[in-house]
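Below you'll find the structure, written out as structure tokens, and then a few comments.
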Amino acid sequence: MPYILIVFSYLLGSIPFGLLFSKWSGMGDIRNVGSGNIGATNVLRTGNKKIAIATLLCDVLKGAIPIILIHKYYAPASAANWIETFVALAAVLGHVFPVWIRFKGGKGVATALGVYFALNPLLGAFTMLTWLIMAKVFRISSLSALVASTLSPLIAYYLCHWTMTTLVYNTLFIAILILHTHRDNIRRLLSGQESRIEVN
């Protein structure tokens, strides 16, 4: 069962909701717009808030659902946390490297947020609040994601009473992956060329 859930988590994470919703709504291929990303932020650049919100919710859910299933169906506590780690990473990796569109996906931020909410609601809430504050102040999606994901292991560490647990490792592994997916954004941030969040 756990191995099936890991594969299921990756395949679910691979579903490119932003691409599907944009095509179904008549906006065409979202990869030809803005940053070329399939995530909610790039969908928002089209000015279609409803499709952007739908994309965000579905990307969050595809991170949360596999963790919820692990908690529901996989009982052995001794291994459950580490299985949880593999399932969590599989969901985010699926979004970043989706098999359905030749392994060229999104940045993994919304899917990671879904994982965090399922692992620990407070972790998800604090991470989302960090993103929202940064986005409100600086209006740069990538900067908000980088700060939120980088702080998430520290938040998890605090929630675990300053003890290294699988929750901390989960957030640490995912933070490293998100830093990798944002490497071009980091270069643009350092050169002052990163685009801001704008809604038409």
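The values are calculated or read from the model by the stated rules, or taken from the named source; none is laboratory data. The model shown is predicted, which means the values in this text are computed figures rather than measured ones. Here the Cβ positions follow ideal geometry from the backbone for every residue, glycine too, while neighbour counts run over all protein chains shown.
With out of contact with any Pro (no Cβ under 6 Å at 6 or more places or on another chain), modelled with pLDDT under 95 and buried (at least 16 other Cβ atoms within 10 Å of the Cβ) as the only criterion, which of A52, A112, A77, A64 stands out?
Answer to the selection: A52.
Residue by residue through the range 119-141, note down the ones that are at pLDDT 95 or above and either buried (at least 21 other Cβ atoms within 10 Å of the Cβ) or in contact with a His (Cβ under 6 Å, 6 or more places away or on another chain) (or both).
L123, G124, T127, W131
Can you name the residue in the range 1-33 that is among the polar types (S, T, N, Q) and touching a helix residue (DSSP H, G or I) at 6+ places or on another chain (Cβ under 7 Å) and, of all such residues, is modelled with the lowest pLDDT?
So, considering only residues that are among the polar types (S, T, N, Q) and touching a helix residue (DSSP H, G or I) at 6+ places or on another chain (Cβ under 7 Å), the one modelled with the lowest pLDDT is S25.
Working carefully through the options M128, M134, find the one that is under 13 Å from the mean Cα position of the chain (by Cα) and free of Cβ contacts under 8 Å to residues at least 40 places away in the same chain.
M128
If G124 passes every condition in (1) in a helix (DSSP H, G or I); (2) in contact with a Ser or Thr (Cβ under 6 Å, 6 or more places away or on another chain); (3) not aliphatic (A, V, I, L, M) but one, which one does it miss?
(2)
Mind counting the residues in the range 23-60 that are over 14 Å from the mean Cα position of the chain (by Cα), under 21 Å from F103 (Cα atoms) and charged (D, E, K, R)?
Matching residues across the range 23-60 total 3.
Would you confirm whether or not the range 34-42 contains a residue that is outside any loop (DSSP other than H, G, I, E, B), hydroxyl-bearing (S, T, Y) and modelled with pLDDT under 85?
yes
Evaluate the following for T46: is it of a type in the set (S, T, N, Q) and either without any contact (Cβ under 8 Å) to a residue 60 or more places away in the chain or assigned to a helix (DSSP H, G or I) (or both)?
Considered against the rule, which asks whether it is of a type in the set (S, T, N, Q) and either without any contact (Cβ under 8 Å) to a residue 60 or more places away in the chain or assigned to a helix (DSSP H, G or I) (or both), T46 comes out as no.
Could we say that A145 is within 20 Å of A118 (Cβ to Cβ), crowded, with 20+ Cβ neighbours inside 10 Å, touching a residue at least 24 places away in the same chain (Cβ under 8 Å) and out of contact with any His (no Cβ under 8 Å at 6 or more places or on another chain) here?
So A145 does not fit the description; no.
Have a look at L113, L89, L61 and point out the one that is of a type outside the set (G, A, S), within 20 Å of S144 (Cβ to Cβ) and assigned to a helix (DSSP H, G or I).
Answer to the selection: L113.
Give just the number: which of (1) over 18 Å from Y10 (Cβ atoms); (2) surrounded by 20 or more Cβ atoms within 10 Å (Cβ to Cβ); (3) at pLDDT below 95 does T46 not satisfy?
The single condition T46 does not satisfy is (2).
Any idea how many residues of the range 1-32 are surrounded by 16 or more Cβ atoms within 10 Å (Cβ to Cβ) and in contact (Cβ under 8 Å) with a residue 12 or more places away in the chain?
20
Just need a number here: residues in the range 14-33 that are hydroxyl-bearing (S, T, Y) and assigned to a helix (DSSP H, G or I).
Qualifying residue count, the range 14-33: 1.
Restricted to the range 151-185, and to residues that are assigned to a loop (DSSP other than H, G, I, E, B) and in contact (Cβ under 8 Å) with a residue 12 or more places away in the chain, which residue is surrounded by the fewest Cβ atoms within 10 Å (Cβ to Cβ)?
Looking at the filtered set, the residue picked out is T165.
Given (1) crowded, with 21+ Cβ neighbours inside 10 Å; (2) in contact with an Asp or Glu (Cβ under 9 Å, 6 or more places away or on another chain), where does R188 come up short, assuming only one miss?
Just one mismatch for R188, condition (1).
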